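Read the structure below first, then the notes.
Please treat every number below as a calculation from the coordinates, not as lab data. Quick caveat: nothing in here was measured; it's all calculated off a predicted structure. Reconstructed Cβ throughout: ideal geometry from the backbone, glycine too, with neighbour counts over all protein chains shown.
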């Protein structure tokens, strides 16, 4: 399929014909949306958008933001955290900083607070710790496939809810030492927090806060218990870890728990869902991977993350005047990093609208945050989960395929798939 006629992008879209802030934009056909970002990447300057005024929002309307859409610009901003800070918020809207840190933990902080917190929690994500969980990553994947074969004898199910969602959730719960009996509650809280804005879920801001407070309280109790009674789990490692004589407070652990469970769970399940859809759309790429699982897995997993780009954007705030792409960004102004656009930048990727499991690892895709101090702490764990999930599918259900259109989450933040029918007979 030629990149020039690829239906995944409508190249007729003009750069001044849409508004990225308008919720209706995120309901447009995906080819139109891709065409919009293509137009922005090829324009001679950055585009500035007013923020949307949401009815009944408790937060004042923000002043607007510059959109960064080119791979080069997004990596530049990500690697210059003194020039573009996160401490004023990592979402487009200006939330009270206490709320931003409550939901975002260290992704809404700058050094030295960010460095301190990341240094402590990173003790749980060392290569040694990731290797330690290898066994039960495989075990969880086998258990999920066993369950499919038992519960769906007709050979059809919803891939998003039955495969992609439970695997990362169960792995994170196992790593954190969360009892199996509590997994359903964790899953419900996660879906509530991420479902705000999607009509199917009908979640309100009040629902979001109730879920977040519930999860926060659960995490605090878990952390305090593991501090008093250490076990062989990630919670115990993080609660006992020290950097310069300092440990996590139970409040800090509570906010990091929300970030880890919500972001870590949702982004990995999103990548796995998009990956299965892509392998169905590109059966030649599936064959290449299946025929050389050891040789191709590393590049295939990163291509899935590039293809999916689970987190669509984050925001930074400029600390001084700077010029990017012929546009002056003034100190105090917001910039939004559109990772989805960076991962389709034709100046970086050959045929970016083609799925290629052997795509070189350099240059790096932006799906894990485009480098810098906020690069995804769980990137290696996510890669391992994706690799194991598809290896288990290859071995047990090699004919599994998607048999319907994805039902996407209505969001400008998470590129989620709510439902994805699959079959394997």
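Once both labels are modelled 7 Å past Cα along the beta-carbon direction, what's the residue 292-residue 48 spacing in nm?
Going from the residue 292 label point to the residue 48 one covers 5.0 nm.
Exposure proxy check: 226, 316 ranked by fewest other beta carbons within 10 Å?
Listed from fewest to most nearby Cβ atoms, that is 226, 316.
For the range 201-313, what class follows from the C-alpha gyration tensor (a ≥ b ≥ c being the square roots of its eigenvalues): rounded when a/c is under 1.5, otherwise prolate if a/b is larger than b/c, else oblate?
Details: a/c = 3.36, a/b = 1.74, b/c = 1.93.
Verdict is oblate for the range 201-313.
Please list 246-259, 120-133 highest first by mean number of surrounding beta-carbon atoms within 10 Å per residue. Spell out each step's value before the answer.
Details: 246-259: 19.9, 120-133: 16.4.
Result, highest mean Cβ count within 10 Å first: 246-259, 120-133.
Taking the simple approach of a point 7 Å from Cα along Cα-to-Cβ for both residue 326 and residue 250, what is their distance in nm?
Output for this residue pair reads 5.8 nm.
Per DSSP H run of n ≥ 4, the term is -39500 (n - 2.57); total these for the chain, divide by its residue number, and report the mean residue ellipticity at 222 nm rounded to 500 deg cm²/dmol.
-13500 deg cm²/dmol
Test of understanding: what is the full-extension gain from residue 22 to residue 136, defined as 0.36 nm times their sequence separation minus their Cα-Cα distance?
Once the chain is fully extended between residue 22 and residue 136, it gains 36.8 nm.
Can you give me the distance in nm between label points at residue 221 and residue 61, each placed 7 Å from the Cα along the Cα-to-Cβ direction?
It is 4.3 nm.
Whole Å is fine, so just give me how far the alpha carbon centre of the range 378-401 lies from that of the range 97-172.
14 Å
Any chance you could check the Cα centroid distance between the range 34-83 and the range 315-359 for me, in angstrom?
Between the Cα centres of the range 34-83 and the range 315-359 lies a distance of 9 Å.
Please report the projected area of the chain's Cα convex hull averaged over all directions, in nm².
Projected area, direction-averaged: 19.9 nm².
Tell me whether the range 362-424 comes out rounded, prolate or oblate; compute the Cα gyration tensor, take square roots of the eigenvalues as a ≥ b ≥ c, and use a/c under 1.5 as the rounded threshold.
oblate
Output the peptides 378-387, 209-218 sorted from most to least packed, where packing is the average of other Cβ atoms within 10 Å over each peptide's residues. Present the calculation step by step, with values, prior to reporting the outcome.
Working: 378-387: 20.5, 209-218: 17.6.
Sorting 378-387, 209-218 by mean packing, highest first, produces 378-387, 209-218.
As an exercise, use a Förster radius of 56 Å and the Cβ-Cβ distance of residue 243 and residue 346 to find the FRET efficiency, rounded to the nearest 0.05.
Efficiency computed from Cβ-Cβ geometry: 0.85.
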